[in-house]
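Structure, as structure tokens:
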Amino acid sequence: MNWTAAGEFFSMGGYAFYVWGSFLVTAACIVAEVLLLRARRRQALARVRAERIRHEAKA
Amino acid sequence: MDTGLIQWFRYASPQSFYRLAGRMAPWFAWLAALSAAAGLWIAFFVAPTDAQQGESYRIIFVHVPASWMSMFLYLVMAGWAGLGLAFNTRLSAMMAHAIAPTGAMFAFLSLWTGALWGRPTWGAYWVWDARLTSELVLFFLYLGYMALHAAIDDPRRGDRAAAVLALVGAINVPIIYFSVQWWNTLHQGASVSLTRSPSMAATMLAGMLVMAFAFWMYSIAAALARVRAIMLEREAHMEWTQALQESGA
């Protein structure tokens with residue numbers, strides 16, 4: 001184990017900004033992509049439904 | 001697409017791949033989550049402090065896997081794009097489009113984490129060095145691929161134009177990879193090589209490989225989820241997507 005206290009872990013030997021700046025931005029990008037993918041799926045399903053309504057209106 | 005041309009092209013049809021992708025994506029997502037948890041544990045609690053760089057070196061556990069994925073995903077994207085050009089299958093171009101945003105994200109993360117690692121180690125967030133510049137070009141190639149496709153109204157024509165860009169841009173990937181050998185650069189050489197024993201502690205290497213596996217599984221899950229959305233978008237008017245609505249799938 002590298003750390004004796006939580007504060008030591010979070011300060012990353014004085015490199016907290018660089019280390020956490022890397023890991024947190026990576027995590028944020030992945031969370032954002034997952035949310036965007038969910039939104040895109042919802043929109044795509046809505047488009048399929050809209051297409052169906054248009055088709056039924058024509059028929 | 002002509003049906004029955006070659007039997008195994010059947011799997012290249014969106015409606016059969018849509019269901020397959022839907023079944024596979026959660027498995028890859030779980031593998032990604034579990035291996036990311038294991039990789040982060042190794043990165044922060046098992047791997048020792050570096051003698052020269054102190055704790056700042058821990059950026060390696062996200063920087064190297066993100067850089068590998070940015071290059072690997074570009075080659076996979078260009079491969080699908082090339083298949084789409086050669087065989088004119090609908091699925092190939094859709095797969096190429098599904099990979100591009102995730103690849104762009106990893107190229108961005110490679111540059112971002114590289115800048116945050118460069119500042120404490122080299123004293124600069126950015127230098128116009130061969131490795132860094134060619135990775136920046138890779139990021140722009142991803143953006144250019146997506147922008148070009150988005151700019152062409154007819155998706156099938158857009159597929160072909162973007163595929164040509166993807167294939168021409170693929171020359172950049174070996175340039176990035178070998179840049180540290182071909183030019184004098186501030187960037188360190190390859191950390192992992194097939195011909196030499198690794199130049200780092202075994203636990204550091206293990207953490208990096210586990211994180212790379214996590215990013216790889218995540219990329220597959222994200223690409224499968226995105227290709228499903230693309231299929232629905234492009235084929236919203238077709239019978240098979242309309243049938244999905246009835247079955248509630």
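The values are calculated or read from the model by the stated rules, or taken from the named source; none is laboratory data. Source: prediction; values computed, not measured. Positions of Cβ are backbone-derived with ideal geometry, glycine not excepted, and every protein chain shown enters the neighbour counts.
The residues of the range B:131-148 that are over 17 Å from the mean Cα position of the chain (by Cα) and modelled with pLDDT of 95 or more, listed by number, are B:Ala147, B:Leu148. Put simply, of A:Ala57, A:Ala28 the only residue that is more than 9 Å from chain B (Cβ to nearest Cβ), part of a helix (DSSP H, G or I) and farther than 30 Å from B:Pro120 by Cα is A:Ala57.
Residues checked against (1) surrounded by 18 or more Cβ atoms within 10 Å (Cβ to Cβ); (2) under 30 Å from B:Ala86 (Cα atoms); (3) at pLDDT below 85:
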residue	(1), (2), (3)
B:Pro14	yes, yes, yes
B:Ala25	yes, yes, no
B:Ala36	yes, no, no
B:Gly54	no, no, no
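Checking each residue in the range A:31-50 for being more than 19 Å from B:His63 (Cα to Cα) and either more than 7 Å from every other protein chain (Cβ to nearest Cβ) or under 11 Å from the mean Cα position of the chain (by Cα) (or both) picks out A:Val34, A:Leu35, A:Leu36, A:Leu37, A:Arg38, A:Ala39, A:Arg42, A:Gln43, A:Ala46, A:Ala50.
Report yes if B:Leu143 is aliphatic (A, V, I, L, M) and more than 17 Å from B:Arg226 (Cβ to Cβ), otherwise no. Considered against the rule, which asks whether it is aliphatic (A, V, I, L, M) and more than 17 Å from B:Arg226 (Cβ to Cβ), B:Leu143 comes out as no. Restricting A:Ser22, A:Ser11 to those that are hydroxyl-bearing (Ser, Thr, Tyr) and closer than 21 Å to B:Met217 by Cα reduces the list to A:Ser22.
Specify which of the listed residues (B:Val127, B:Val76) is of a type in the set (Val, Ile, Thr) and under 21 Å from A:Ser22 (Cα atoms). Selected residue: B:Val127, the only one of B:Val127, B:Val76 that is of a type in the set (Val, Ile, Thr) and under 21 Å from A:Ser22 (Cα atoms). Candidates in the range B:79-90 are the residues that are surrounded by fewer than 24 Cβ atoms within 10 Å (Cβ to Cβ) and of a type in the set (A, V, I, L, M); of these, the one that is farthest from B:Gly169 (Cα to Cα) is B:Ala86.
Out of B:Leu186, B:Leu138, one residue alone is part of a loop (DSSP other than H, G, I, E, B) and in contact with a helix residue (DSSP H, G or I) (Cβ under 6 Å, 6 or more places away or on another chain). It is B:Leu186. Residues of the range B:74-133 being away from every other protein chain (no Cβ under 14 Å), in contact with an Asp or Glu (Cβ under 9 Å, 6 or more places away or on another chain) and aliphatic (A, V, I, L, M), which ones? Scanning the range B:74-133 gives B:Ala81, B:Leu85, B:Ala93, B:Ala96. Within the range B:7-30, at least one residue is of a type in the set (Ser, Thr, Tyr), away from chain A (no Cβ under 11 Å) and not in a helix (DSSP H, G or I).
Scoring B:Arg157 on the criteria (1) touching a residue at least 40 places away in the same chain (Cβ under 8 Å); (2) within 28 Å of B:Tyr18 (Cβ to Cβ) leaves a single failure, condition (1).
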